[in-house]
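Each reported figure results from applying straightforward, stated rules to the coordinates on display, with no laboratory input. The shown structure was predicted, so the numbers you read here are calculated from the model rather than taken from an experiment. All Cβ positions, even for glycine, are placed from backbone atoms using ideal geometry, and neighbour counts span all protein chains on display.
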């Protein structure tokens, strides 16, 4: 009260001229502040709409949510065995290891295990331990699992959607789900893991143009259909891009976003300057010592490595129907194609190993279950088309609206050491305006939830704790 | 200066492509070879075709996402019910086949002796295929070269690159174009040829160029239907910038301008759109080819997509990829059967990695000049157009440069008459200038 009186007195002491100037500049500054706040709040990308079957969209929408059970049949297993049995292997070059792709000696071992020891009926029971559902959105049957938590007294239940990538699936989250749906702290998660349309049990689009923006909108509609209005989202690989799009489309629904793969650059000139200077004077451009470790030598770790590892991306972004055709007939060919990624993207040094180091971090049962999801649904080609729809169009991917729009929701970033590309916090800040948490993870690669579920869940929870503590009660 | 020019060669080197040490004595026998088939192999093929799991193409996808599945089903149906492999094997065997062991590998080739008229000179000619082709691509042009009206006729050798078709695949790493070139020189030597013409496209162009660099004294003339030459960094950029508006200033003809511009469109974007296969094969060939070796229809889609798009880019707008406009399904499938029956898709892909890996500078060296008499046939739908002025920076003795009126990448297969005519006129020029 006293402050108000003091101000009133001060104002009345001013002469009319100065008062006018003060009034005008106050209005001006006030207007500017309002404008800036408004601009920031309305930085969203359009939601749009879509219809992904042939023909016209009908007038009424089918909003039912139907329970779904993963099934298998003797016929399907026999067909699989017959195809594995007739695999024609090509001997690897002497000392080829994993440098030419999947080593054939080790591939034979994997095929043998798959044929004689892998128990698909048992794995189907594992898959079904969480309840599955399907619901039709924009003409496509979207599959998801819905895991309700074990709620302790006093715990808050927070909805969380976790989105997978390629060549993964919802199954990658099966090791982290127990850690998120049963916790010690103030909150516990109710988790939804959908399958991206075209992947696994989600129906594939029949029309061209289905991009991450469409997937994002469909996932918002899914959460809406489940009566969630306010939720956390988590993702890596395509899941990272889709959750970013979700945050850009409807930020008011996103309580927080956590990513284990970070797509951000400082903007081309800035990036180049950073890179040139950062090696010698990292502090000058905002790099930490850990950043320097992970980025340099730059050409080696980023340009050459990416060139060596992005052949799949190039062919999938241009000729997905050709690239996936043979894979849909040859289970062992499909396994080689997919498991090569689980090997190399977990640690580049795996290329020097005869067995690609696959079983160091993953069990064959888990790896093959993921492959079986692609095999039994015949979804390898639609999964590859996603690359072309996002990256392969004539319009430049980097100029796409979502890549030039910032993200304003509370964000948590987990930078894993063996992720394909490292993004320093200072670069991330140019895209994510509200980073609440940025962690240099001690171990792990691209498939974070699958490989290091405990580490990822810890980081997710500390991020959520930070976000929750700052929220108005 | 004359001496300097004459000694510009690249080292020949040597190699051994099996495990273990090279033995002291070399097996130089040339064994006749007959392409065979069996009922078992045909039944296995039919069973695999029958169990193909097709994925429906997107609405109006045409050939923009790769091979269209509706048309692929038609091809598979033809393959299963109408294609007669036993008949095609007889076609393959109409020319005599041989194998001989060089550097540890059984190298396959066909050797076609000409019908020699009175007074005609017989000139040896080696024709080298590329990927995803084979020696079979030359079957339509062979009759035009081994029976001619003019002063000379050809005796033709068409080998299979090691790792392709009936040629054994290397077992050790590092087999590049240079090694293939040396092996082919050894082959010609073993056949007692010391002086011969060489012709090639795709990998065949790289290999024959390497042959000309390695042993120019053995090369009577080099003819290419795919020309790899650039003016060299800064000069290329300048000629591209200027050439659009003042072509004569940088040595471009009107036809050059037509074929190169708009540059970004016709060259950069196109190459990016069409080079996915090259990128994955140059990095992960064993992964890329694994499924293809087990799915004949998958293999057909992968290979035939190239025969469609590299013949004419506009084929991507067609529902059937325009394949049967220029080729017969019998011919296309015979080429595929060569890859299928020999299981050679992965070794054929490894060639990309071996050439583009650590050896890139050496094997893809575009700057070492070639001094043998050269004939260049620039086909309008080839992947990249190389103007004569750029070719001159690499080939110092161009006797013939022709803007071909039609045709794409698979010149011998698609336009055998045109290619034969151009080759014949080139050889005529070279022969007329040679000392008697």
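One table, with the values for the structure above:
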{"quantity": "Shielding by partners - mean other protein chain Cβ count within 10 Å, residues of A:92-99", "calculated": "6"}
{"quantity": "Antiparallel %, DSSP beta bridges [both residues in chain A], to 5", "calculated": "35 percent"}
{"quantity": "Most to least packed among A:430-437, A:163-170 [average Cβ atoms within 10 Å]", "calculated": "A:163-170, A:430-437"}
{"quantity": "Rg to Rh quotient for segment B:14-148, alpha carbon positions, Kirkwood Rh", "calculated": "1.08"}
{"quantity": "Cα principal axis extents for the protein assembly as shown, largest first, Å", "calculated": "120, 78, 59"}
{"quantity": "Highest-first arrangement of A:148-155, A:450-457, where packing means the average Cβ count within 10 Å", "calculated": "A:450-457, A:148-155"}
{"quantity": "Cα-only radius of gyration and Dmax that characterise segment A:170-235, units Å", "calculated": "14.0, 46"}
{"quantity": "Percent of beta bridges antiparallel (DSSP, the protein assembly as shown, rounded to nearest 5)", "calculated": "35 percent"}
{"quantity": "Shape of segment B:127-240, Cα gyration tensor, a/c cut at 1.5", "calculated": "oblate"}
{"quantity": "Proportion of all alpha-carbon pairs of segment B:1-87 beyond 19 Å (%)", "calculated": "70 percent"}
{"quantity": "Square roots of five times the Cα gyration tensor eigenvalues for segment A:264-373, Å", "calculated": "35, 18, 11"}
{"quantity": "Exposure proxy order (Cβ contacts within 10 Å, fewest to most) of B:218, B:158", "calculated": "B:218, B:158"}
{"quantity": "Segment A:348-370 and segment B:258-323: distance between their alpha carbon centers, rounded to Å", "calculated": "31 Å"}
{"quantity": "Two-decimal Rg/Rh across segment A:238-298, once Rg and the Kirkwood Rh are taken from alpha-carbon atoms", "calculated": "1.11"}
{"quantity": "Order of B:108, B:371 under a 10 Å beta carbon neighbour criterion, fewest first", "calculated": "B:371, B:108"}
{"quantity": "Three-way shape label, segment B:391-436, alpha-carbon gyration tensor, a/c 1.5", "calculated": "oblate"}
{"quantity": "Most to least packed among A:285-297, B:415-427, A:405-417 [average Cβ atoms within 10 Å]", "calculated": "A:405-417, B:415-427, A:285-297"}
{"quantity": "Taking chain A and dividing mean pair separation by its residue count, relative contact order in percent (alpha carbons under 8 Å, at least six apart)", "calculated": "18 percent"}
{"quantity": "Per-residue [θ]222 nm for chain A (sum of -39500 (n - 2.57) over DSSP H runs n ≥ 4, rounded to 500)", "calculated": "-13000 deg cm²/dmol"}
{"quantity": "Reciprocal mean inverse distance between Cα atoms of segment A:214-323 - Kirkwood radius, Å", "calculated": "16.8 Å"}
{"quantity": "Descending principal axes extents, segment A:300-430, alpha-carbon based, whole Å", "calculated": "43, 34, 30"}
{"quantity": "For residues of A:101-114, the mean tally of beta carbons on other chains within 10 Å", "calculated": "2"}
{"quantity": "Peptide B:47-58 - average C-beta neighbours from other chains (10 Å radius)", "calculated": "6"}
{"quantity": "Geometric extent, Cα atoms of chain B - Rg, Dmax (angstrom)", "calculated": "21.5, 66"}
